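The values are calculated or read from the model by the stated rules, or taken from the named source; none is laboratory data. Fair warning: this is a prediction, and the values are worked out from it, not measured in the lab. Cβ: placed from backbone, ideal geometry, glycine included. Neighbour counts: every protein chain shown.
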Amino acid sequence: MERVSTGIKELDSKLSGGYPGNRVILITGVAGSGKTIFGIHFLYRACQEGKKCVLIATEETPEDILYQARMLGRDLEPYYENGQLLIERVFESRSERIEGTRYGFKSEGLEIELPYLADFVPEGTDCVVVDNIGVFTIRLSTRKLRDEFDGLSYILKKKGCTALYIMDEASYNMTNQLAEYSVYGSIRLLVKENTYLGKMERYLYIPKMRSTPLSPYTSVFEITSEGIKMDGSGDSEIIG
Ligand SMILES: Nc1ncnc2c1ncn2[C@@H]1O[C@H](COP(=O)(O)OP(=O)(O)OP(=O)(O)O)[C@@H](O)[C@H]1O
Ligand SMILES: [Mg+2]
């Protein structure tokens, strides 16, 4: 099976070379756990390799994402400028619709059916990140969620894309963690207190990755000005 680099060396080696190609991987985690940054690593590496990428951003502006990427030593701007990386501003159209109602919240901005997100993905796109897919799922029944997730994944697979669905923990839990079943692989990011060291630490756990042998241990990682640094060999025994 083709592997597509995660953009994080140590994670690639844990995943037999990277994310399974032409498949969908889910990344979940609490606020601030590093989900968007995992997406940035994936996109940056893919851009460096000359791949065509699309980021469907529901929560942040392209400017904020480009700024964050630069802060991690992964400047996406040249790729955004030359069109190799498209950043779809679902964030702004959502906010404009909400703002347009002036006094009340109108849910139209959240009413895009998931399979229609594939319209943002031109033919020939290699890598797709949807951040945060959770904004489209909280209104859905369990049955509809599964249908819509599978529908979007089916279209992206047909287009030949390797995709990351980034989903906030609240939406993930509110939808009974159903997203997990519909994807090929899943990565969970956790933030926990290390009582020995008296500080918060970031952990990564891989509940499933089809066609890939997995370690049962969590890995510790840090976010630094040079990007994500992960525990390479010595996996942590603290399970989240
Ligand atoms: N250069 C850096 N050095 C250290 N930490 C950083 C750096 N840049 C960002 N961070 C940390 O990364 C965290 C944010 O990561 P990220 O935006 O990927 O989280 P997230 O899981 O996407 O959050 P949300 O659910 O709010 O979208 C911030 O809380 C910030 O503290
Ligand atoms: Mg984020």
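Those helices (runs of 4 or more DSSP H) of the stretch 116-225 in which 3 or more residues are surrounded by fewer than 19 Cβ atoms within 10 Å (Cβ to Cβ) and either polar (S, T, N, Q) or free of Cβ contacts under 8 Å to residues at least 12 places away in the same chain (or both) occupy 142-158.
Contact map, the stretch 59-71: first residue on the phi < 0 side of the Ramachandran plot, second residue part of a helix (DSSP H, G or I) and more than 13 Å from ligand 1 (Cβ to nearest atom), Cβ cut-off under 6 Å, separation 6 or more or different chains; pairs are L66/E77. For the stretch 181-191, indicate whether the set of residues that are modelled with pLDDT of 95 or more, aromatic (F, W, Y) and over 20 Å from G18 (Cβ atoms) is non-empty. No, the conditions are met nowhere in the stretch 181-191. Restricting the first member to the stretch 4-30 and to residues that are among the aromatic types (F, W, Y), and the second to residues that are modelled with pLDDT of 95 or more and within 16 Å of ligand 2 (Cβ to nearest atom), the beta-carbon pairs closer than 8 Å and six or more apart or on different chains are Y19/I25; Y19/F42; Y19/L164.
Applying the condition of being farther than 15 Å from L140 by Cβ and within 16 Å of ligand 1 (Cβ to nearest atom) to the stretch 169-187 and asking which residue is farthest from the chain's Cα centre (by Cα) yields E169.
Being within 14 Å of ligand 1 (Cβ to nearest atom), over 18 Å from S171 (Cα atoms) and assigned to a loop (DSSP other than H, G, I, E, B) holds for only one residue in G17, G7, and it is G7. Exactly one residue out of E222, E180 is in contact with a Lys or Arg (Cβ under 6 Å, 6 or more places away or on another chain) and of a type outside the set (S, T, Y): that is E222.
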